[in-house]
Amino acid sequence: MKKTFIKLMLGLAVGTLAACGGSARGPELMEPPQTPMVVDEPTEDFGTSEQQLYCSACGTALACLDGACAYSNGNYQGTGSSCSTSGTYGYRYQCVEFARRYWNQVKGRTFGALGSAGAQGICDLAPSGYQVRWQGDGYTPVHGDLYVRGAYSGNPYGHVAVVNTADGSNVYTYEQNGSCTGRATYARSSARCYLHPI
């Protein structure tokens, strides 16, 4: 079932690229999707699971939000390593690199180095001009916020994704180095915090 689901999702992503007349690289590939796609949350052992085998090649555009595209980390999908090199926004195709690039390209904002804290450090190291909304404070995330998950079993870095929409139970995100589609649905209760530009 899991293999079939991932193959189906990958087929949809590839079909979308072909339908848009794009190649598999570059931010000009696809228009931002109008609605979020619900996909499985990455598993804790994602780096060694069979899901990794069905992800797109390194640097392939997976999904775009507001013109900023999330790219595949290839054979390193779901790990702390990269299939590429460091770039303007950090370690290419890692979750933090997409969050930085999205906020810079779409919102004209940046956030600094996280050191060894990884994505989870965004909650503690937020610069001025950003509001940290901690899990449980009643905040409803809005489009463009960052969803930040703390470290969990098999992932000492945590995870960050860009919020598209949210409802009472879930947050619908665009991400890199998590799902093989560049989109995921997370329970709102799984967030360590949300980062909101003010």
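The values are calculated or read from the model by the stated rules, or taken from the named source; none is laboratory data. Keep in mind that this is a model prediction, so the values were computed, not measured. Reconstructed Cβ throughout: ideal geometry from the backbone, glycine too, with neighbour counts over all protein chains shown.
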**Asked** Any residue in the stretch 171-194 that is farther than 30 Å from Asn75 by Cβ, of a type in the set (A, V, I, L, M, F, W, C) and in contact with a His (Cβ under 9 Å, 6 or more places away or on another chain)?
**Response** no
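Let's see how each residue does on (1) modelled with pLDDT of 90 or more; (2) in contact with a His (Cβ under 9 Å, 6 or more places away or on another chain); (3) under 28 Å from Cys55 (Cα atoms); (4) surrounded by 13 or more Cβ atoms within 10 Å (Cβ to Cβ):
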site	(1), (2), (3), (4)
Gln120	no, yes, yes, yes
Ser128	no, no, no, no
Arg149	yes, yes, yes, yes
Pro197	no, no, no, yes
**Message:** For the list (1) loosely packed, with under 15 Cβ neighbours inside 10 Å; (2) within 26 Å of Gly59 (Cβ to Cβ); (3) among the β-branched types (Val, Ile, Thr); (4) in contact with a strand residue (DSSP E or B) (Cβ under 8 Å, 6 or more places away or on another chain), I need the number of the one condition that Val162 fails.
**Reply:** (1)
**Request:** Would you be able to say whether some residue in the stretch 62-75 is touching a Gly at 6+ places or on another chain (Cβ under 8 Å) and modelled with pLDDT under 90?
**Result:** no
**Message:** Looking only at the stretch 130-147, count every residue that is surrounded by 15 or more Cβ atoms within 10 Å (Cβ to Cβ) and not charged (D, E, K, R) and tell me the total.
**Reply:** 8
**Request:** Considering only the stretch 138-167, state which residues are farther than 10 Å from Leu195 by Cα and among the small types (Gly, Ala, Ser).
**Result:** Gly138, Gly150, Ala151, Ser153, Gly154, Gly158, Ala161, Ala166
**Complete:** Scanning the stretch 76-99 for residues that are in contact with a Phe, Trp or Tyr (Cβ under 6 Å, 6 or more places away or on another chain) and either buried (at least 21 other Cβ atoms within 10 Å of the Cβ) or at pLDDT 95 or above (or both) gives Gly78, Tyr93, Glu97
**Request:** Could you tell me which residue of the stretch 142-169 is nearest to Gly67 (Cα to Cα), considering only residues that are without any contact (Cβ under 8 Å) to a residue 40 or more places away in the chain and in contact with a Phe, Trp or Tyr (Cβ under 8 Å, 6 or more places away or on another chain)?
**Result:** Val163
